[in-house]
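Asks: Take a look at this one; I'll ask things after.
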Amino acid sequence: MLPKTEDEMRSFVSAVADGESEQVHSILLYCLDNHSNLRETAYLSKFITSVQIPLDITMTQRDEVLSDHAKHYQSLQQEFRILFGRHKAAKKEEEQWDETCRKNDIKTLQNEKTALLEKTREMEDRLTNNTESFGELVMTASMLRKEQDTQVRLSERMEEQQRALKPNEIKLGNIKGRLESFQSLYGSGDVMNMTTVLNGLRREVTEVTMIVRSDLVSDRSKLEAKMKHLERLRDRPPCTVEYLERVLSMKRDLEAQIDVESRLLKEEETTKSHPNIETYKQVRPCVSTFRHIAALC
């Protein structure tokens, strides 16, 4: 209980100052019970607390600017109180509206629950009273499922048969084409007889035989030419990597020797002092021969 008289207040303050648990617990209980109001008061206190100007300042201050500011501040505080009151009223109306909406939703859900329970009970009564009709429904559903499975299997078989029908149609078209060509060659209907057919087949066999023989002769000539080419390749000396390297080495040696001989010959021709200059001139054709051999290698 909060103190009401001045003596109770004085003893209450001294008890709180001494840290008595009973008084401290009463304060905490009051704060917990009035938490929302105290929080609002704590929020508003910094905005609605009036500013007291010290008396010495008001007595010595000749300019009225400070008092004007104080009056303007008080007017703003009053405006803030009015706006906060409106905000509080609007928030309370909103909370009341939300509470009303929640109650209506709960009532609607309860009505729907009641309706669903009634429908469930009606269906249970109907099923218990009409067990024969329920059995018929189950049998009908089972038969429908079997028919659906049969239809699916028939559809799969029809697709398989359609896929198998395409190559057969192609074969039938080929046979019809051969029949039409056969009838155009040997006649059709009553005109066609066995003698005509046999004569036509003999002619066809003769033509095919001639074509096959000509093809065989052509293939034989091609094979003989290929065999001769292979025999020429077989009779050629073997050409290995070692052989090619040896030939290339001989080529390099001959080219080096030719260069040396050519340089010496040019030196002798310019000096004309060597007595065997004619001998070098005779050797020159041999040098050209060596060059030709080296080029062939």
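A short reminder: the numbers here are calculations on the coordinates, not readings from a lab. Note that the structure is predicted; figures quoted are calculated from it, not measured. Here the Cβ positions follow ideal geometry from the backbone for every residue, glycine too, while neighbour counts run over all protein chains shown.
Asks: Just the Cα atoms of the stretch 34-126, one point each, no solvent: what log10 I(q)/I(0) does Debye give at q = 0.17, 0.18, 0.19 Å⁻¹?
Replies: Computed log10 I(q)/I(0) values: -0.90, -0.95, -0.99.
Asks: Any idea what diffusion coefficient the stretch 81-120 gets from Stokes-Einstein, in µm²/s, Kirkwood Rh on alpha carbon pairs, 37 °C, 0.692 mPa s?
Replies: On the way: Rh = 12.2 Å.
Using the Kirkwood radius from Cα pairs, D works out to 270 µm²/s.
Asks: If R0 is 35 Å, what FRET efficiency do you get for Thr209 and Arg234 from their C-beta distance, rounded to 0.05?
Replies: Numbers: r = 36 Å, r/R0 = 1.03.
Efficiency, rounded to the nearest 0.05: 0.45.
Asks: Ordered by packing density, taken as the mean number of other Cβ atoms within 10 Å over each peptide's residues, highest first, how do 261-267, 91-97 rank?
Replies: Values: 261-267: 13.1, 91-97: 10.0.
Those peptides, ordered most packed to least, come out 261-267, 91-97.
Asks: What number comes out for the charge environment of Arg102, summing +1 per Lys or Arg and -1 per Asp or Glu over other residues with Cβ under 13 Å away?
Replies: Working: positive: Lys103, Lys107; negative: Glu94, Glu95, Asp98, Glu99, Asp105.
Around Arg102, the surrounding residues sum to -3.
Asks: Now for a different question. Rounded, prolate or oblate for the stretch 193-234? Axes are the square roots of the Cα gyration tensor eigenvalues, ordered a ≥ b ≥ c, and the cut-off for rounded is a/c under 1.5. Walk me through the numbers on the way to the answer.
Replies: Details: a/c = 11.01, a/b = 8.53, b/c = 1.29.
Prolate, since a/c reaches 1.5 and a/b exceeds b/c.
Asks: Quick one: net charge around Arg86, please, counting Lys, Arg +1 and Asp, Glu -1 for every other residue with C-beta under 14 Å from its C-beta.
Replies: Details: positive: Arg81, Lys88, Lys91, Lys92; negative: Glu79, Glu93, Glu94.
With Lys, Arg at +1 and Asp, Glu at -1, the net is +1.
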